[in-house]
Amino acid sequence: MKRSIIWKTAFRSILKNKRRSLLTMLGIVIGIASVITIVAIGNGFKEDMVDKLSAEKQKENVKKISFSAYNTSDMFSDQAMFTDNDLGVVRMVPGVEKIDFDQREVDGAQKGTLNFQAGPKNLSVTYELADKTTKELLAGRQLNDGDNAKLDKTVVVDELVAKELYQDPTAAVNRTFPYKEQLFTIVGVTTNTSGAIGPGNNDSLLYFPKKTY
């Protein structure tokens, strides 16, 4: 049978049953639209879940693991519950790209690393939890006992961090440092003495009140 005859027969059939043909085409359009919508919702839900499960706003899925004590002796022990050997074991797990201590005690100070977004850059710096600070200031004030007592969400930042966020370090005072969907008010900017932001710089560039962080 010729193609022209097939097409003519098909169109005649459509014209004879206009209502049925219209409903059929409408059903096809609705079906395609439904599939597209479901796929879009699924992708959006996936991105939202990864974003919420992630500690940082990144493409990776970031997990934080904490120690839960099963008895009082472990709860009040001064011994480190996670060691470098533990981190070495986790690094061998397939799919793990990076692992580090969130906090550790260095020379009596509680320190850790965090990532923050400065424009298109994702920067990693060392932070320190302090009762108060006594650093050389470029602008603003030090952390004091009142910040801890009032549970103020304040932070003292290094001038390089302030520059990455607000270009002019002195303009960062009384502005915000966003971290973990929280906003900390920058009350002071310290003079940089440790060099550029990067993996080789382990000096503290951020200071948070102990009771607030």
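FYI, it's all coordinate maths here, none of it is from the lab. These numbers were taken from a predicted model, which means no experiment stands behind them. Cβ placement follows ideal geometry from the backbone for every residue including glycine, while neighbour counts extend to all protein chains displayed.
Structural remarks
- Asn201 meets the conditions (1) over 20 Å from Thr134 (Cβ atoms); (2) free of Cβ contacts under 8 Å to residues at least 40 places away in the same chain in every case but one. The failed one is (2).
- As a summary of the residue check, Tyr166 satisfies the conditions (1) buried (at least 16 other Cβ atoms within 10 Å of the Cβ); (2) in contact (Cβ under 8 Å) with a residue 12 or more places away in the chain except for the one numbered (2).
- Listed by first and then second residue, the pairs linking a residue in the range 3-15 that is in a helix (DSSP H, G or I) to a residue that is among the small types (Gly, Ala, Ser), with Cβ atoms under 9 Å apart and 6 or more places separating them unless they lie on different chains, are Ser13/Ser21; Ile14/Ser21; Leu15/Ser21.
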